[in-house]
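Chemist: Below is one structure. I have some questions about it.
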Amino acid sequence: FSDARPAADDGASRSADGSPGAPDEARSPAYATRGSAERVPPQWAEATAALARSVGPLEAEPAVRISVAVLDPVTGYTLRYGAGHYETASIVKVNIVAGLLLTAQDEGRPLTAQERRLAADAVRLSDNDATHELWRMIGAEEGLDRLNARFGLALTHGGEDGHWGLTRTTAADQITVLRAVFDPDSPLARPARAHLEQLMGSVAEGQRWGVSAAAVDDGGTALKNGWLPRSHTGLWNINSIGRVEVDGREYLMAVLSSGHRTGDEGIERVEAAARAAMEVIRSSGRA
């Protein structure tokens, strides 16, 4: 798609699962961790409280949920707000292409011309037909889950019956997806990571909203967005993942959300959450 706000479901037109306003696990307060057993510095803990104060009001409507995660690669800490699973919509296209690249790498070969075209169309244009073909190539939901085990995604599960847009994930797992693209310690070799980074850095005009709102300019931004009007509620999922550069430092950011009355309202809230997270980090002296 070249339009950032399509009217049709994003790879999930036959969905029939529960209401996006009802989390499948209890919502936890905002938190920031480097490891579950590691003590969080007081300054970072204060930042999480500030993030909660900023993002919480964006969830004022009963159905709206928002989850935010921002990784500072220098300190290794992740600032987080919210919990629970969300349907990915089109952000899963990054995950699918990462899986394709890992498969080709295992086979000791570069992507074929067809695979390169499909990957470019899926990420840069958010083309659903290309994604359907890539989904088949990686083995659909079972293939995605198998590949994701190697990337370290513990809470992401591929959408069933061809509904890749209904893959379920968390903001924390989306940071892991981004690390697969941008972290030198990724299972992906450097050429594969550079290829996917280039695709995320050149998405179509009109699709560069979302986490890009957190950056001073979009020169260092590489992202993928997802939008999904749920057929059984009429409410929207709006998601955005990517890398943003602020004051010379690169951050990995994921903002997932559901329960919006319109796509435009969802985009506004996602961008507000992204800006709030980066403002908290900057004001805490981390940027």
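The values are calculated or read from the model by the stated rules, or taken from the named source; none is laboratory data. Keep in mind the model is a prediction, meaning the values are calculated, not measured. Using ideal geometry, Cβ is built from the backbone for each residue, glycine included, and neighbour counts are taken over all protein chains shown. With ligands, DNA and RNA removed, areas are computed over all heavy atoms of the protein, side chains included. Shrake-Rupley method; radii C 1.70, N 1.55, O 1.52, S 1.80 Å.
Chemist: Give the residue that is surrounded by the most Cβ atoms within 10 Å (Cβ to Cβ), with candidates limited to residues of the stretch 211-231 that are in a strand (DSSP E or B) and of a type in the set (G, A, S).
Modeler: A222
Chemist: Another question, if that's okay. What's the number of the condition G108 fails, among (1) assigned to a loop (DSSP other than H, G, I, E, B); (2) closer than 22 Å to A254 by Cα; (3) free of Cβ contacts under 8 Å to residues at least 60 places away in the same chain?
Modeler: The number of the failed condition is (2).
Chemist: Would you tally the residues in the stretch 58-95 being touching a strand residue (DSSP E or B) at 6+ places or on another chain (Cβ under 7 Å) and of a type in the set (S, T, N, Q)?
Modeler: 4
Chemist: Among the numbered conditions (1) part of a loop (DSSP other than H, G, I, E, B); (2) under 20 Å from V270 (Cα atoms); (3) among the polar types (S, T, N, Q), tell me where S67 comes up short.
Modeler: Condition not satisfied by S67: (1).
Chemist: I need a count of the residues in the stretch 239-268 that are in contact with a helix residue (DSSP H, G or I) (Cβ under 8 Å, 6 or more places away or on another chain) and in contact (Cβ under 8 Å) with a residue 60 or more places away in the chain.
Modeler: 14
Chemist: Considering each of R53, R116, R136 in turn, give the residue that is assigned to a helix (DSSP H, G or I), open to solvent by 50 Å² or more (accessible area, probe 1.4 Å) and under 18 Å from A273 (Cβ atoms).
Modeler: R53
Chemist: For R146, state whether it is more than 19 Å from V123 (Cβ to Cβ) and out of contact with any Lys or Arg (no Cβ under 9 Å at 6 or more places or on another chain).
Modeler: yes
Chemist: Follow-up. Just need a number here: residues in the stretch 83-100 that are open to solvent by less than 10 Å² (accessible area, probe 1.4 Å), outside any strand (DSSP E or B) and touching a residue at least 60 places away in the same chain (Cβ under 8 Å).
Modeler: Of the residues in that region, 12 qualify.
Chemist: Might you check whether a residue that is polar (S, T, N, Q) and buried (at least 20 other Cβ atoms within 10 Å of the Cβ) occurs anywhere in the stretch 195-206?
Modeler: Initial filter on the stretch 195-206 (polar (S, T, N, Q)): 198, 202.
Right, trim to buried (at least 20 other Cβ atoms within 10 Å of the Cβ) and you get none.
Checked against the condition, which is being polar (S, T, N, Q) and buried (at least 20 other Cβ atoms within 10 Å of the Cβ), the stretch 195-206 yields no hits at all.
Chemist: Can you work out which of the residues in the stretch 163-192 that are touching a residue at least 40 places away in the same chain (Cβ under 8 Å) and assigned to a loop (DSSP other than H, G, I, E, B) is surrounded by the fewest Cβ atoms within 10 Å (Cβ to Cβ)?
Modeler: A189
Chemist: Further question on the same structure: What tally of residues in the stretch 151-162 results from selecting those that are at negative phi and open to solvent by 50 Å² or more (accessible area, probe 1.4 Å)? Explain how you work it out, then say what you get.
Modeler: Kept after step one, since they are at negative phi, are these residues of the stretch 151-162: 151, 153-160.
Subsequent filtering for residues that are open to solvent by 50 Å² or more (accessible area, probe 1.4 Å) retains 154-155, 157, 160.
Selection size over the stretch 151-162: 4.
Chemist: If you take the residues in the stretch 235-249 that are open to solvent by 10 Å² or more (accessible area, probe 1.4 Å) and modelled with pLDDT of 95 or more, which one is nearest to Q174 (Cα to Cα)?
Modeler: R243
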